[in-house]
Amino acid sequence: MFKEFKAFVARGNVLDLAVGVIIGAAFTAIVNSLVENLINPLLGMFVGSIDFSNLVLTVGQAHFRYGAFINAIINFIIIAFVVFLLVKTINKVLPAPKKEEEAEPTAEEKYLQEIVTLLKKEEH
């Protein structure tokens, strides 16, 4: 069982996924910091402070803080837009992957193709 687990963990897909999750978490921290420390204050200068966290609906003993949910939606939209801009900028800066050109057939491959063509002609 340990050997199977070791083989599973050593497979490329699992390692790639682990690296992706770690990089994603670090990138999330960067984007969150960008939004909280730069984008939100900039928006606050123009629109004023956007804070709906005080909006609460009380039914009996239950308190529904729908304002915090609205804040989360606004933050998501801002973060998604910032990530969109970052990806768009990175795609402009990095060169597009080159398409692989078909290699010129070798002399041997040309001769083999001629032989195949002649054999097909003889069959008909």
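Just so it is clear, none of the values below were taken in a lab; they were calculated from the coordinates. This one's a predicted model, so the numbers in the text were calculated from it and none came from an experiment.
Considering only 80, 96, 29, the Gaussian network model of the chain with Cα springs below 10 Å gives its largest mean-square fluctuation to 96.
Take every Cα pair under 8 Å in the chain that's 6+ residues apart, average their separations, divide by the length, and report that relative contact order as a whole percent. Present the calculation step by step, with values, prior to reporting the outcome.
Details: 41 pairs, mean separation 18.2, N = 124.
Relative contact order of the chain: 15 percent.
Straight-line reach from residue 120: taking Cα to Cα under 27 Å and skipping same-chain neighbours fewer than 8 places apart, the lysines in range are 110. When the Cα centres of the range 14-55 and the range 63-124 are compared, how far apart do they sit, in Å? First find each Cα centre; the distance between them is then 28 Å. Seen against the Cα atoms of the chain and their longest principal axis, helix 66-93 is set at about 30 degrees. Based on the reciprocal of the average 1/r between different C-alpha atoms, the Kirkwood radius for the range 2-96 equals 17.0 Å.
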